[in-house]
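For reference, the structure discussed in these notes is given below.
The values are calculated or read from the model by the stated rules, or taken from the named source; none is laboratory data. This one's a predicted model, so the numbers in the text were calculated from it and none came from an experiment. In this analysis, Cβ positions are derived from the backbone assuming ideal geometry, glycine residues included, and neighbour counts consider all displayed protein chains.
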Amino acid sequence: MSRQALTELIFPRMVELRRTFHRYPELAFEEERTASVIMEELRRLDIPFEYGGVGGGIVGRITGQDDGPTIALRADMDGLPGDETTGLPFASVNPGKMHACGHDGHMAMLLGAAAMLKQNPPPGHVVLIFQPAEERGAGARVMIQSGALDRVKAIFGGHVMRQFRVGEIMVAHGVITAQSDRFTIRVRGRGGHGARPHEAVDAVVVAGLLIMAVQTLVSREINPFHPSVVTIGQVQAGTAPNVIAEHAVLQGTIRTTQRKVRKQIIEGLNRMAKATGVLHNAVVDVEVAEGYPPVVNTEQEAEIARLAALKVVGQQGLVPLDYPSMGAEDFAYYLEQIPGCYVRFGARREGWENIPLHSPAFDFDEEALKVGAAFFNEVAREAIRVYA
């Protein structure tokens, strides 16, 4: 049976699985029901697997020739906090939880590829990684620590995007997503009565100055050719309208694609905080929590992915990367250990607007499941051929 015919044959099952995942989303490290659906499908396909329990992941194994290379394919399992507004007949029934990032599709794609690889095993080994907690908690590190990458030569993953149309795959080498860090700025002034500001040190005023000052870190201190973002997304201060706040807390994110730029921004953040504190007689402390590193595709594996994508979507379906995404992705941890490539699957139907990931209205065209499954099938075979 041809790959195309097999893809069409398994498509209804992929749709069924995707809608089941979508209806019952679970948050990071809570993917118990999700894991049970995956394990049931692997049993149906007669694919052996190991399960790390709730909070862990699933590793399926398709075994080929003993001396053949081992290639890993990865899908993420977790949903996001949020209330779905898609109106889909299979919308989330779990209040405050939804698959707003397409992970339901990623799991269905990988299970579809598993069916294809199982029916016609390649001359090597394929490890199927179903990973918890991509959105928060760095579940990739859990999988690495569990030994999922043992003897693996290279790893491949992907993400649905409505930025691209169904039938398109974005493949590139180099930086794909940004480093993501979080910061907290704590301001301690001196509280007082709102009618007597001269007796106090207003933490709200200090915080406001910092909010504006921090915006100049990127616009006036960073080379415009080096993509970077500093965003303050949370501000907490004050207890009453007529009380001058003694404390304020600012929280935000830093996104960079180069280590030297990251260092420059963090140093600038500390410098501005200290100077603003001195200027207004307040104590200002900065804490930076390191987040996911950048995803950096290796050149050989990007070429393997490109050849696989060509077989699936043709030259017209290959999409270049114009610039790195400033989003973050814990696939980066795998790429710190072994070579690999992370791609984007077009998921926008003709006539649809580009609703962004993490939106409560996010959905994707299920035809993308065919493309993703076929790609995972082909990229595993191509990688095994290259590494044999």
Problem - Residue ranges of strands (runs of 3 or more DSSP E) in region 166-242 with at least 1 members under 18 Å from LEU269 (Cβ atoms) - result: 179-188, 228-237
Practice task
Evaluate region 33-49: report whether one residue or more is part of a strand (DSSP E or B), touching a Lys or Arg at 6+ places or on another chain (Cβ under 9 Å) and in contact (Cβ under 8 Å) with a residue 40 or more places away in the chain.
Solution key: yes
Fill in the blank from the handout: Taking region 340-361 and keeping residues within 23 Å of THR256 (Cβ to Cβ) and not β-branched (Val, Ile, Thr) leaves GLY340, CYS341, TYR342, ARG344, PRO356, LEU357, HIS358
Handout entry: Evaluation of ALA273 against (1) part of a helix (DSSP H, G or I); (2) surrounded by fewer than 20 Cβ atoms within 10 Å (Cβ to Cβ); (3) not hydroxyl-bearing (Ser, Thr, Tyr) (one fails), failing number
Key = (2)
Exercise for the section: Please indicate, with yes or no, whether at least one residue in region 308-315 is within 28 Å of THR7 (Cα to Cα), basic (Lys, Arg) and either surrounded by 17 or more Cβ atoms within 10 Å (Cβ to Cβ) or touching a Pro at 6+ places or on another chain (Cβ under 6 Å) (or both). Expected result: no
Exercise for the section: Restricting attention to region 310-356, report how many residues are closer than 19 Å to ALA108 by Cβ and among the aliphatic types (A, V, I, L, M). Expected result: 4
Practice task
Determine if region 225-244 includes at least one residue that is surrounded by fewer than 17 Cβ atoms within 10 Å (Cβ to Cβ), modelled with pLDDT under 95 and in the same structural domain as VAL261 (by TED's automatic domain parsing).
Solution key: yes
Practice task
Hey, can you tell me all the residues within region 144-164 that are surrounded by fewer than 23 Cβ atoms within 10 Å (Cβ to Cβ), out of contact with any Gly (no Cβ under 6 Å at 6 or more places or on another chain) and of a type outside the set (A, V, I, L, M)?
Solution key: GLN145, GLY147, ASP150, ARG151, LYS153, GLN163
Practice task
For region 290-307, enumerate the residues that are surrounded by fewer than 16 Cβ atoms within 10 Å (Cβ to Cβ) and touching a strand residue (DSSP E or B) at 6+ places or on another chain (Cβ under 7 Å).
Solution key: GLU290
Exercise for the section: Report yes if some residue within region 55-76 is within 29 Å of PHE362 (Cβ to Cβ), touching a His at 6+ places or on another chain (Cβ under 6 Å) and not in a helix (DSSP H, G or I); otherwise report no. Expected result: yes
Problem - Residue pairs meeting the criteria (Cβ under 6 Å; at least 6 apart or on separate chains; first in the same structural domain as ALA374 (by TED's automatic domain parsing), in region 1-21; second acidic (Asp, Glu)) - result: VAL15/GLU366; ARG18/ASP104; PHE21/ASP104
Problem - Matching residues, region 351-388, being charged (D, E, K, R) and assigned to a loop (DSSP other than H, G, I, E, B) - result: GLU353, ASP363, ASP365, GLU366, GLU367
Handout entry: Number of positions in region 134-163 that are touching a residue at least 40 places away in the same chain (Cβ under 8 Å) and either of a type in the set (Asp, Glu) or outside any loop (DSSP other than H, G, I, E, B) (or both)
Key = 20
Handout entry: Unique residue being closer than 29 Å to ASN377 by Cβ, in a loop (DSSP other than H, G, I, E, B) and of a type in the set (Phe, Trp, Tyr) when the list is TYR323, TYR333, TYR292
Key = TYR292
Completion exercise
Counted residues in region 91-106 being touching a Ser or Thr at 6+ places or on another chain (Cβ under 9 Å), crowded, with 24+ Cβ neighbours inside 10 Å and among the small types (Gly, Ala, Ser) come to 1
Practice task
With the condition kept exactly as written, say whether any residue in region 252-264 is under 24 Å from the mean Cα position of the chain (by Cα), in a helix (DSSP H, G or I) and farther than 23 Å from VAL175 by Cα.
Solution key: no
Problem - Failed condition for PHE331, given (1) buried (at least 21 other Cβ atoms within 10 Å of the Cβ); (2) of a type outside the set (Val, Ile, Thr); (3) over 16 Å from MET170 (Cβ atoms); (4) under 19 Å from the mean Cα position of the chain (by Cα) - result: (3)
Practice task
Check LEU335, LEU318 and return the single one that is modelled with pLDDT of 95 or more and farther than 26 Å from GLN131 by Cβ.
Solution key: LEU318
